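A.B. asks: Sharing a structure here in structure tokens format.
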């Protein structure tokens, strides 16, 4: 299986400050069709995961533009330009290039 | 948001069987890629199965040989049957829909399965 390693595991952030989460893959996630199937999910406390981005940087409907996704090959980043209280939760990367796997998650909390 | 509602969870003894259902509204099951994904504190999020619109199914190695998933397009429902349950099958099981393979666009709220004696 493809292993996705996220860092940090825990991310305390001051409201209004930026946050950055890294996701590193054990394999290149470039599919034979040329696309890179790396997604990001947000899971707020008590809720199901919600997709934020697909194919690295395509924002899902309703996702605030303070969120951005970037990266290529086997290294990817999710950034929040200014953290708000509603952003508290656990963030996961997921790859769909091979049998789908998730990263271990990064818990974002307010300092 | 597409409502997906999972039912059938509960407490099951090791070696027993699991029957989960997923009711879908707002989209046609037969035109989408329907997956089961589970989440547990110990193993995090794990993709369990995918049903393609043409009926093909794919399963995680951890459940192969013990699992059957299928859809009933007339009822717009998806089902998961898992046998020979192990303690490590304990998890919150989500029904997930997508318009592309290996993607997870819309999630249900999940149903909790606990395997314990």
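Every number here is computed from the coordinates shown, using simple stated rules; none is lab data. Being a predicted model, the structure only gives us computed values, none of them experimental. No Cβ is skipped: glycine too gets one built from the backbone with ideal geometry, and neighbour counts run over all protein chains shown.
A.B. asks: Would you mind classifying the protein assembly as shown by shape? Square roots of the alpha carbon gyration tensor eigenvalues, ordered a ≥ b ≥ c; an a/c under 1.5 is rounded, otherwise it is prolate if a/b is larger than b/c and oblate if not. Walk me through the numbers before you get to the answer.
C.D. replies: Details: a/c = 1.70, a/b = 1.50, b/c = 1.13.
It comes out prolate by the Cα gyration axes.
A.B. asks: Evaluate the distance, in nm, between pseudo-label points positioned 7 Å from the Cα of residue A:33 and of residue B:21 along their respective Cα→Cβ axes.
C.D. replies: 3.3
A.B. asks: Under the definition of Cα pairs under 8 Å and six or more residues apart, what whole-number percent is the relative contact order of region B:1-78? Kindly include the intermediate steps, with their values, before the conclusion.
C.D. replies: On the way: 111 pairs, mean separation 20.7, N = 78.
About 27 percent, as a whole number.
A.B. asks: Please sort A:58-70, B:105-117, B:13-25 by packing, taking for each peptide the average over its residues of neighbouring beta carbons within 10 angstrom, highest first.
C.D. replies: On the way: A:58-70: 13.8, B:105-117: 17.5, B:13-25: 15.6.
By packing density, highest mean first, the sequence is B:105-117, B:13-25, A:58-70.
A.B. asks: Can you classify chain A as rounded, prolate or oblate using the Cα gyration tensor, where a ≥ b ≥ c are the square roots of its eigenvalues, rounded means a/c under 1.5, and otherwise it's prolate if a/b beats b/c and oblate if not? Could you put the intermediate results ahead of the total?
C.D. replies: Details: a/c = 1.88, a/b = 1.68, b/c = 1.12.
Prolate, because a/c is 1.5 or more and a/b exceeds b/c.
A.B. asks: For peptide A:94-106, how many partner chain Cβ atoms fall within 10 Å of a residue's Cβ, on average?
C.D. replies: That works out to 4 on average.
A.B. asks: I've got another one for you. Over the whole of B:96-109, what's the average partner chain Cβ count within 10 Å per residue? Rounded to a whole number, please.
C.D. replies: Working: counts 3, 0, 3, 0, 5, 3, 10, 8, 10, 4, 3, 7, 1, 3.
Other-chain Cβ atoms within 10 Å of each residue's Cβ, averaged: 4.
A.B. asks: Dividing the Cα convex hull volume of region B:1-113 by residue count, how many Å³ per residue is that? Intermediate results must be reported in sequence, preceding the final value.
C.D. replies: Values: hull volume 10.2 nm³, N = 113.
Once divided by residue count, the hull of region B:1-113 is 90 Å³.
A.B. asks: Right, here's the next one. What full-extension length gain, to one decimal in nm, is calculated for residue B:64 and residue B:52 as 0.36 nm per residue of separation minus the Cα-Cα distance? Can you show the working numbers first?
C.D. replies: On the way: separation 12, 0.36 × 12 = 4.32 nm, distance 1.69 nm.
2.6 nm is the gain from fully extending residue B:64 to residue B:52.
A.B. asks: Say a paramagnetic label sat at a point 7 Å from the Cα of residue A:44, along Cα to Cβ; which residues of region A:54-76 have their backbone N under 14 Å from it?
C.D. replies: A:62-64
A.B. asks: Still on this model: Return the FRET efficiency for the residue pair residue A:109, residue A:77: r is the Cβ-Cβ distance, R0 is 22 Å, and the value is rounded to the nearest 0.05.
C.D. replies: On the way: r = 19 Å, r/R0 = 0.87.
With a Förster radius of 22 Å, E is 0.70.
A.B. asks: May I pose another question? For a quick size check, give me the Cα extents of region B:68-116 along its three principal axes, largest first, whole Å.
C.D. replies: That gives 35, 22, 18 Å along the principal axes, largest extent first.
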